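Reading through the structure tokens given below for one structure.
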Amino acid sequence: MDIDLHIHTTAYSPCSHMSPDELMTEAKRARLDGICITEHNKIWRPEDAKALSDKHGLAVFRGVEITTTGGDIIVFGLDEEPDGIITPAELKRKVDAAGGVAIAAHPFRGFLLFGFGALSMDLDSAMENPTFSHVHGLEVCNGLVTDEENEFAGKVAGAMGLLKVGGSDAHRTVGVGTCVTVFEDYIEDERSLVEAILSGRHTIEKRK
């Protein structure tokens with residue numbers, strides 16, 4: 001299944017310029033098998049996600065992008081948002097208790113502005129980021145960062161033995177499906193989505 005794991009809509013993300021219906025229309029045009037809506041610090045109600053899925057005939061999974069003291073972390077399998085800004089360690093405990101999975105979002109986005117040379121970041125120093133010890137994986141394909149940033153995230157994830165996932169981080173229809181996680185198995189529900197991510201039985205594709 002081809003799934004875009006990182007998308008924001010106007011329903012709960014003020015920074016988005018894409019309505020849920022516009023998202024679904026574009027996702028079908030991009031020939032995706034499903035999408036995961038990851039609003040900022042807000043989890044969709046199950047009934048709303050189902051209604052959107054039924055309306056458009058495309059799988060809709062729920063996630064959330066949580067703001068932490070160590071950066072943004074995408075979570076799947078959590079049913080309740082944390083109160084306020086918490087640490088990555090605190091979030092990881094909640095995610096583990098819920099049987100979910102936590103992914104560091106766009107972990108090297110700062111390089112988009114400054115470049116690797118200006119920040120003097122190498123693999124060893126990147127691996128020292130304390131947030132990476134409190135996630136299951138890294139987002140190694142994000143549609144809103146540079147190819148160099150994505151490639152570097154992939155190297156760090158590989159060196160640390162962390163999972164690799166991809167998502168567009170789309171806030172507009174033009175971004176939907178730019179980074180896709182291709183799962184070998186059929187994803188029936190959010191529990192099987194978590195299991196599929198943790199299994200590592202997937203590949204990442206940059207599209208458009």
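The values are calculated or read from the model by the stated rules, or taken from the named source; none is laboratory data. On a predicted model such as this, the values are computed, not experimentally measured, just so you know. Neighbour counts run over all protein chains shown; Cβ positions are idealised from the backbone, glycine included.
Just a few scattered comments:
- Residue list for segment 25-52, filter: surrounded by 20 or more Cβ atoms within 10 Å (Cβ to Cβ) and of a type in the set (D, E): E26, E39
- Of all residues making up segment 25-49, the number that are basic (K, R) and more than 20 Å from P14 (Cβ to Cβ): 3
Results for (1) in contact with a Pro (Cβ under 6 Å, 6 or more places away or on another chain); (2) polar (S, T, N, Q); (3) modelled with pLDDT of 95 or more; (4) farther than 30 Å from S19 by Cα, shown as yes or no for each residue.
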| site | (1), (2), (3), (4) |
| --- | --- |
| G110 | no, no, no, no |
| G115 | no, no, no, yes |
| S133 | no, yes, yes, yes |
| N142 | no, yes, yes, no |
| E149 | no, no, no, no |
| M160 | no, no, yes, yes |
| V165 | no, no, yes, no |
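- Residue match in segment 69-86 (condition: polar (S, T, N, Q) and in contact with a His (Cβ under 9 Å, 6 or more places away or on another chain)): no
- Residues in segment 150-179 that are buried (at least 24 other Cβ atoms within 10 Å of the Cβ) and not in a helix (DSSP H, G or I): 9 in all.
- Residue in segment 53-96 that is surrounded by the most Cβ atoms within 10 Å (Cβ to Cβ), counting only those that are over 20 Å from L162 (Cβ atoms) and among the small types (G, A, S): A59
- Of everything in segment 1-24 that is in contact (Cβ under 8 Å) with a residue 12 or more places away in the chain and among the hydroxyl-bearing types (S, T, Y), the residue that is surrounded by the most Cβ atoms within 10 Å (Cβ to Cβ) is T9.
- Taken as a whole, the structure leaves E128 outside the set of residues that are surrounded by 14 or more Cβ atoms within 10 Å (Cβ to Cβ), among the acidic types (D, E), at pLDDT below 95 and on the phi < 0 side of the Ramachandran plot.
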